[in-house]
Amino acid sequence: MCSQIEQIIKSSTTKLPAVGALTVANRDLWASDYVHLRTLSPSNAALLDTIHSAAFVLCLDPATPGDFLTTSRFLWHGAPHGLRNRWADKPIQLIVFDSGRAGLMGEHSVMDGTPTLTFMDSICTALADPAFDHGSPAASSFAPEELQWTLDSKIEQSIARAEKDAAELIASQAMSVVKTGYGKQVIKAARVSPDAWGQLLVQLAYARLLRSRGWQRQGATYESATTRRFFKGRTEVIRVVTNESDAFVQAMLAEDGADGAVVETRKALFEQAAKVHVANAQAAGRGEGVDRHLLGE
């Protein structure tokens with residue numbers, strides 16, 4: 001495999017049309033372009049079938065992101081070289097940079113977070129094991145085969161449009177990383193679910209953000225619960241905004257926070273909201289939610 005990857009890198013000396021960029025376009029546009037691309041030639045249809053049958057896609061990015069945030073953005077949208085070598089319809093894209101950093105870009109339609117996380121945990125655990133056999137480069141008896149697309153002016157224009165639209169969408173997005181001085185063990189020591197802790201913090205932070213801008217909260221947020229214990233089970237909605245969580249947020253938004261009684265009230269409201277969240281999450285995981293049933297998802 002190492003030998004084949006080296007052959008691919010050495011032979012990739014020219015810039016080819018970014019067919020993969022089509023997969024990040026608006027779904028309706030990509031659906032139309034997909035049909036057109038497939039009917040242009042039998043070889044295109046065969047290539048699409050080959051890509052669809054692959055367990056994952058390996059993306060080799062000629063970039064050297066330094067910090068965690070930059071690496072995350074590069075994994076997300078391929079900057080600074082764009083999304084030319086991505087196939088965003090694949091559930092798993094393993095991305096490796098020239099610097100040796102690596103990560104994953106996932107697609108949610110056919111693969112939920114739980115199996116994706118298990119997949120990545122398995123890889124990281126194996127790599128971290130001193131006994132893991134990384135092997136050594138050896139000559140391969142199989143030469144990698146280049147995928148030769150048949151394109152026309154319509155597809156070329158669609159690729160240009162997809163790259164332009166993606167660049168505009170990327171420019172409109174913000175990303176940041178918040179690190180705490182504690183982890184889940186500290187939260188568990190306080191006898192609180194780390195999940196409930198995180199969800200309540202998000203609600204409070206969002207409420208404070210809206211208040212700072214003079215806005216009123218509209219709508220609700222949602223967390224998914226896995227229902228993989230059931231045959232073909234995927235997810236169910238956890239309704240994270242409850243009367244209890246709202247009472248906690250409103251108490252935290254109150255002006256007077258120095259009085260000891262106020263602190264105890266807030267603590268009690270937090271604990272009650274956390275308990276309700278856990279109960280709702282467990283019920284959703286048991287298939288007792290309502291959203292998937294009502295919406296037929």
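Panel order for HIS108, HIS277, HIS134, HIS77, by other beta carbons found within 10 Å of each beta carbon, from fewest to most: HIS134, HIS108, HIS77, HIS277. Quick check: from the Cα gyration tensor, does the stretch 119-185 come out rounded (a/c under 1.5), prolate or oblate? In terms of gyration-tensor shape, oblate. The 3J(HN,Hα) values that the Karplus relation (6.51, -1.76, 1.60; θ = phi - 60°) gives for the stretch 265-275 are, in residue order, 5, 4, 4, 5, 5, 5, 4, 5, 5, 5, 5 Hz. Gly and Pro appear as x. By the count of neighbouring beta-carbon atoms within 10 Å, fewest first, TRP215, TRP149, TRP197 end up ordered TRP215, TRP149, TRP197. Checking every one of the GluC sites (Glu not before Pro) in the stretch 188-274 against DSSP loop status and a limit of 16 other Cβ atoms within 10 Å picks out GLU255. Here the Karplus relation 6.51 cos²θ - 1.76 cosθ + 1.60, evaluated at θ = phi - 60°, turns the backbone of the stretch 199-204 into coupling constants of 5, 5, 5, 4, 4, 5 Hz, with x for every Gly and Pro.
By DSSP, the beta bridges lying fully in the stretch 2-171 are antiparallel in about 50 percent of cases. Summary of the geometry: the stretch 223-297 and the stretch 143-168, compared by the centres of their Cα atoms, lie 44 Å apart. Rounded if a/c is under 1.5, else prolate if a/b is larger than b/c, else oblate: which is the chain, with a ≥ b ≥ c the root eigenvalues of its Cα gyration tensor? Cα axes put the chain in the prolate bin. Here's how it looks for GLU223: its modeled amide H is under 5 Å from those of ILE238, VAL240, which are all 5 or more places away or on a different chain. Remark: the stretch 117-271 carries a charge dipole of roughly 540 debye about the Cα centre, counting +1 on each Lys and Arg Cβ and -1 on each Asp and Glu Cβ. Legend: residue pairs LYS10/LYS164; LYS179/LYS275; LYS179/LYS267; LYS232/LYS267, Cα-Cα distance threshold 31 Å; pairs beyond threshold, LYS232/LYS267. For a modelled paramagnetic label at LEU60, 7 Å from Cα along Cα-to-Cβ, the residues of the stretch 121-162 in reach, with backbone nitrogen under 11 Å, are 144. From helices alone, the chain scores -16000 deg cm²/dmol at 222 nm; the rule is -39500 (n - 2.57) for each run of n ≥ 4 DSSP H residues, then divide by the residue total. Annotation for the stretch 95-168: GluC sites (Glu not before Pro) lying in DSSP loop with at most 11 further Cβ atoms inside 10 Å of their Cβ are GLU145, GLU146. Counting only residues at least eight positions apart within a chain, or on another chain, the aspartates and glutamates with an alpha carbon under 15 Å from that of LYS184 are ASP195.
Amide H to amide H distances under 5 Å link CYS59 with LEU94, ILE95, VAL96, where only residues 5 or more positions off or on other chains count and H is placed in the peptide plane.
Peptides 170-182, 13-25 ranked from most to least packed give 13-25, 170-182, packing being the mean of other C-beta atoms within 10 angstrom over each peptide's residues. Here, the stretch 183-231 has an Rg and a Dmax of 14.9, 47 Å when only alpha carbons are counted. The slack in the chain from ARG213 to HIS293, taken as 0.36 nm per residue of separation less the alpha-carbon distance, amounts to 25.1 nm. With a/c under 1.5 counting as rounded, go ahead and sort the stretch 8-103 into rounded, prolate or oblate using the C-alpha gyration tensor (a ≥ b ≥ c being the square roots of the eigenvalues; past the cut-off, prolate if a/b is larger than b/c, else oblate). In terms of gyration-tensor shape, prolate.
About its Cα centre, the dipole of the stretch 197-258 is roughly 480 debye, where the only charges are +1 on Lys and Arg Cβ and -1 on Asp and Glu Cβ.
Each reported figure results from applying straightforward, stated rules to the coordinates on display, with no laboratory input. Nothing here was measured: the structure is a model prediction, and the numbers come from that model. In this analysis, Cβ positions are derived from the backbone assuming ideal geometry, glycine residues included, and neighbour counts consider all displayed protein chains.
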